[in-house]
1. What's the total number of residues in the stretch 185-221 that are farther than 21 Å from V72 by Cα and in contact with a Gly (Cβ under 7 Å, 6 or more places away or on another chain)?
2. Given the conditions (1) modelled with pLDDT under 95; (2) closer than 17 Å to A151 by Cα; (3) not aliphatic (A, V, I, L, M), which single one is not true for G42?
3. Report whether or not E121 is more than 21 Å from A99 (Cβ to Cβ), without any contact (Cβ under 8 Å) to a residue 12 or more places away in the chain and outside the structural domain of Y39 (by TED's automatic domain parsing).
4. What are the residues in the stretch 191-221 that are closer than 24 Å to V94 by Cβ, of a type outside the set (A, V, I, L, M, F, W, C) and surrounded by 13 or more Cβ atoms within 10 Å (Cβ to Cβ), if any?
5. Residue check, L30 against (1) of a type outside the set (F, W, Y); (2) touching a Gly at 6+ places or on another chain (Cβ under 8 Å); (3) not assigned by TED's automatic domain parsing to the domain that holds D176, all met but one. Which one?
6. Could you give me the residue pairs with C-beta distances under 8 Å whose first residue belongs to the stretch 46-57 and is of a type in the set (K, R), whose second residue is outside any strand (DSSP E or B) wherever it lies, and which are 6+ apart or on separate chains?
7. When you look at A138, is it within 27 Å of G49 (Cα to Cα), surrounded by 13 or more Cβ atoms within 10 Å (Cβ to Cβ) and not β-branched (V, I, T), yes or no?
8. From the list L48, L43, L36, which one is of a type in the set (A, V, I, L, M) and in contact with a helix residue (DSSP H, G or I) (Cβ under 7 Å, 6 or more places away or on another chain)?
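The values are calculated or read from the model by the stated rules, or taken from the named source; none is laboratory data. Predicted, not measured: the structure shown is a model, and the values here were computed from it. Neighbour counts are summed over all protein chains in view; Cβ atoms, including those assigned to glycine, are modelled from backbone coordinates with ideal geometry.
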Amino acid sequence: MPVEPPPSAWGFPPSATADEDGIVGVGADLEPGTLLAAYRQGLFPMPLGRRGPMGWWSPDPRGVIPLDGVRVSRSLRRSIRRFEVRVDTAFAEVVHACADPRRPHGWIDPRIHAAYERLHELGWAHSVETWTPEGELAGGLYGVAIGGLFAGESMFHRRTDASKVALVALVDRWRDGGGTLVDVQWATEHLRTLGAVEIPRERYLELVATAVARPPVELGP
């Protein structure tokens, strides 16, 4: 069971007050209690530029993956058979790979890395990893799980389709475990190929309120 940290010293404005870019506020801290309060309110942190001040975001529309709507192409189905899926066996390595500064639009800086490591130690942040038969980490993703919400943060791949396989595995396990919502922040073209859709912020906030009140979901080994 995840360990509830001390409450945040900060309060967030309502998500509906976000500006046209989806920013609700700037500043605060990245303590576990602050992060959990933000996710429970439908927010997530992302720096304003590399190493810039921390922004708290609530985009409208919001990207989600319907639990019954993930798309698995024939080629992706073949890729699924090539990898082994594991959960939480290489969390730090997954975040480190997602934070590779050579990636375009990289935003995961040392503050973010350290904050999610703390959340992981408390049982709130998780990685879903894909491994080759030779024992190589091929790809994966990480995010925050609160009740029936999985808030995806970032993903990476070193082999073709490796991150897609991790996402398909996440959605399958989340649905089968009783989860109700997989958040991907923005429905990028890449995520749309896997079934991501956009929903209005108002609807997302309704789904979040219901999801975070549910019992924790087990992602499995």
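1. 11
2. It fails just one condition, (1).
3. Spelling it out, it is not the case that E121 is more than 21 Å from A99 (Cβ to Cβ), without any contact (Cβ under 8 Å) to a residue 12 or more places away in the chain and outside the structural domain of Y39 (by TED's automatic domain parsing).
4. Matches in the stretch 191-221: R192, G195, P216, E218, G220.
5. If we test L30 against (1) of a type outside the set (F, W, Y); (2) touching a Gly at 6+ places or on another chain (Cβ under 8 Å); (3) not assigned by TED's automatic domain parsing to the domain that holds D176, just (2) comes out false.
6. Listed pairs, sorted by first residue: R50/G106; R50/W107; R50/D109; R51/D109.
7. no
8. Among L48, L43, L36, only L43 is of a type in the set (A, V, I, L, M) and in contact with a helix residue (DSSP H, G or I) (Cβ under 7 Å, 6 or more places away or on another chain).
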